[in-house]
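Okay, structure first, notes after.
No lab work stands behind these numbers, since they all come straight from the coordinates. Every value quoted in this text rests on a predicted model; they were computed, and no experiment measured them. A quick note on method: Cβ atoms are made from the backbone with ideal geometry, for glycine too, and the neighbour counts reach across all protein chains shown.
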Amino acid sequence: MKKLLLLLIVLSFTLVGCDAADTATHNLKDQADNFGLLRRIIVFHGVTGEVTMEIEGYCSITDQTTQLEVVCEVGRDKYYINYVRLGDNTEYLVEQLEPITVSTYHYVRRIRPQTAIPDIVIDIE
């Protein structure tokens, strides 16, 4: 009976740890997608190891299997976008350059009016 109780306690701590880690991971990815994480993206040839591109900044990345899209915020409402073709020998590494604090209990919902309300253009002739 004691062993069963101990096993249940260990399992409950393990599950709580996974939930907290999953939440922290989700929150870090959310920060990165909203240009809140300083990152270094290194693109290299997988066979030779030769670095073909390095990008550093507050960047969001999207891996679309055949290409990597890297969007970096460089100022207020100013962005750069880079496309990297991902071939058989092209690989990349994304490194977080500085730690940030994310809450495992904090919930955020972002509504962006510019995507919900279309631009209305009225031509008067």
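Below is a table of values for the structure above.
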quantity: Ranked 100, 42, criterion: other C-beta atoms within 10 Å, fewest first; calculated: 100, 42
quantity: Net +/- balance of residues flanking residue 39 in space, Cβ distance below 9 Å, scoring K and R +1, D and E -1; calculated: -1
quantity: Modelled FRET efficiency - R0 30 Å, residue 122 with residue 29, Cβ distances, 0.05 increments; calculated: 0.15
quantity: Residue exposure sequence - 29, 78 - by fewest surrounding Cβ within 10 Å; calculated: 78, 29
